[in-house]
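The values are calculated or read from the model by the stated rules, or taken from the named source; none is laboratory data. Worth saying up front: this structure is predicted, and the values here are computed from it rather than measured. FYI the Cβ positions are ideal-geometry reconstructions off the backbone, even for glycines, and counts take in every protein chain you see.
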Amino acid sequence: MNSKKFNIVINGKSYEILIGDVNSSPVSVFVDGVEYKVDLKENKNKTSQTQEENIPTKKPKIQDKNVSNISSHNINDGTVRAPMPGVILEVKVAVNDKVNEGDTLMILESMKMENTIKSSRGGTIESIYISQGDSVQHGQSLIEIK
């Protein structure tokens, strides 16, 4: 197996990445020991030849088996999920706080932009799974409202 190892930093957190043989599909990609299968697709929009033949023409499609694909950060089951990866700048609620639909729950920074995460329903804050400064991933559970 022709694999390469990388150490990358995202939002201040370091990850160890091991990428398997890119000439096979699917490619095994290990992120901190967790395996992901990545399908490589040939880039069909090739408009010009480059002098460097080592530039990849395949684009990976990563399917994260630990995070569900969620189109909205609020689900009717009362779980507030991250709409995108980022860093929690501020948590505006505490456990046992009463909230109404539209109340601000937290501020999430993503790609240097502040995003206000609001409640999609009224209720009581039952659990808070994050705190200020935490890095979160898309679809990660943040707050439970009952």
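Numbers at a glance
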read-out: Strands (runs of 3 or more DSSP E) completely within segment 1-94 that count 1 or more residues being modelled with pLDDT under 70 and surrounded by 13 or more Cβ atoms within 10 Å (Cβ to Cβ); value: 34-42, 58-62
read-out: In segment 121-146, the residues that are in contact (Cβ under 8 Å) with a residue 40 or more places away in the chain, farther than 18 Å from K13 by Cβ and surrounded by 18 or more Cβ atoms within 10 Å (Cβ to Cβ); value: I143, I145
read-out: Filtered residues of segment 97-116 (kept if part of a strand (DSSP E or B) and either of a type outside the set (A, V, I, L, M, F, W, C) or at pLDDT 90 or above (or both)); value: K98, V99, T104, L105, M106, I107, L108, E109, S110, E114, N115, T116
